[in-house]
Amino acid sequence: MSQCLVVMYHYVRDRHNGPESAIRGLDVATFEQQLDILCDTLKPIDWSTLVAWQTGRVSIDAPTFLLTFDDGLSDHAEVVAPVLEERGLRGVFFVSTAMLVDRVMATAHQIHLLLCHMDAEDLSTQVRQRAIDAGVNQEELLAADDDAHRRAYAYESADRAALKRLLTYGLPIELRNDIVASLFAENVGDSADYAARWYMNWEAIATMRRDGHTIGGHGHVHEPLLRLSPEDQQRDMARCVAVLRDGLGPGVRPFSYPFGSVDWDLARRCGACGFVNGFTTVRGWVGQRDHAHQLSRVDTIHVDSFLEKELACLRS
Ligand SMILES: [Zn+2]
């Protein structure tokens, strides 16, 4: 039996004092416990081994796992890398390249911080009011509330989920960026200052790669790519490829779709841009013959229940 469990992480950090303690991340002790469980149950592999297995160059007869980390967060160099080093594990770290070269905060991360400094209802009221002032009508404000987008934020409380749906999928992207940037400046602080400590810089990324980790792309501007036109999808991924190549040199790299969604055309474009494979947020094992640009992952918060259920099936 050969299948691979690809685990997806975002923030891994112990809670700080102050407003940022509200950032929802995995604490370090829980991360370490999960790694112990994974190592006890499955065999760790790195990204090159996953590719070799999927292309038939190596065979693996036991279930494996691969660790992936999205968003290029400084947590990954400061907290995750030393923990992996202690265990001899290697991970895949997906970087959104605009955050790396322009040193700006991704809108998604500005929203996380806004929610640390304002309550969701107040933020929601202000976002809606500014959107209406800019000419958006009530119908458009409700357009993000369909079932698919509801599932994307099923882990959130109802008011936070509605706000995130509106901000991620509802408002026109440029208007949304302007509204979030102005609210961030008014309520949180200077975006460039935050970006400098929120994300890994080139030096940290180069060190990770030297230490045997894989660096992959996570889009240039960190938008859900299915929201963009085919031309803009292509442009975003091509820019991401080019920045990584300029910064790290030529090489084969994986991609993680920002917010996880993909369709057949986007998967094809991802391959055409030069990414060897692409990871989604669809929960499940990766099989040897799965489509290389639509590989499943399991979020860290679902790993325990996933393993319990799946391993019971494997044993029976
Ligand atoms: Zn992301």
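The values are calculated or read from the model by the stated rules, or taken from the named source; none is laboratory data. Computed from a predicted model, the values in this text were never measured in an experiment. Methodologically, a virtual Cβ is constructed for each residue, glycine included, from the backbone with ideal geometry; neighbour enumeration extends over all protein chains shown.
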Subset of the range 3-34 [assigned to a loop (DSSP other than H, G, I, E, B) and either crowded, with 18+ Cβ neighbours inside 10 Å or not assigned by TED's automatic domain parsing to the domain that holds residue 214 (or both)]
10, 11, 13, 25
Return a yes/no flag: does the range 156-169 have any residue that is within 16 Å of the ligand (Cβ to nearest atom), assigned by TED's automatic domain parsing to the domain that holds residue 51, over 21 Å from residue 81 (Cα atoms) and at pLDDT below 95.
no
Of all residues in the range 185-204 being away from the ligand (no atom under 16 Å from the Cβ) and among the aliphatic types (A, V, I, L, M), which is farthest from residue 11 (Cα to Cα)?
185
Got a sec? Which of 295, 226 is touching a Phe, Trp or Tyr at 6+ places or on another chain (Cβ under 9 Å) and crowded, with 19+ Cβ neighbours inside 10 Å?
295
Need the failing condition index for residue 245 against (1) assigned to a helix (DSSP H, G or I); (2) within 24 Å of residue 55 (Cα to Cα); (3) touching a residue at least 60 places away in the same chain (Cβ under 8 Å), just the number.
(3)
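Can you work out which of the residues in the range 248-259 that are within 19 Å of residue 50 (Cβ to Cβ) and either in contact (Cβ under 8 Å) with a residue 40 or more places away in the chain or touching a Gly at 6+ places or on another chain (Cβ under 9 Å) (or both) is farthest from the ligand (Cβ to nearest atom)?
252
Among 90, 128, 103, which is the only one that is farther than 21 Å from residue 222 by Cα, away from the ligand (no atom under 16 Å from the Cβ) and either surrounded by fewer than 20 Cβ atoms within 10 Å (Cβ to Cβ) or more than 24 Å from the chain's Cα centre (by Cα) (or both)? Explain how you work it out, then say what you get.
Values: 90 fails: either surrounded by fewer than 20 Cβ atoms within 10 Å (Cβ to Cβ) or more than 24 Å from the chain's Cα centre (by Cα) (or both); 103 fails: farther than 21 Å from residue 222 by Cα.
128 is the lone residue from the list that is farther than 21 Å from residue 222 by Cα, away from the ligand (no atom under 16 Å from the Cβ) and either surrounded by fewer than 20 Cβ atoms within 10 Å (Cβ to Cβ) or more than 24 Å from the chain's Cα centre (by Cα) (or both).
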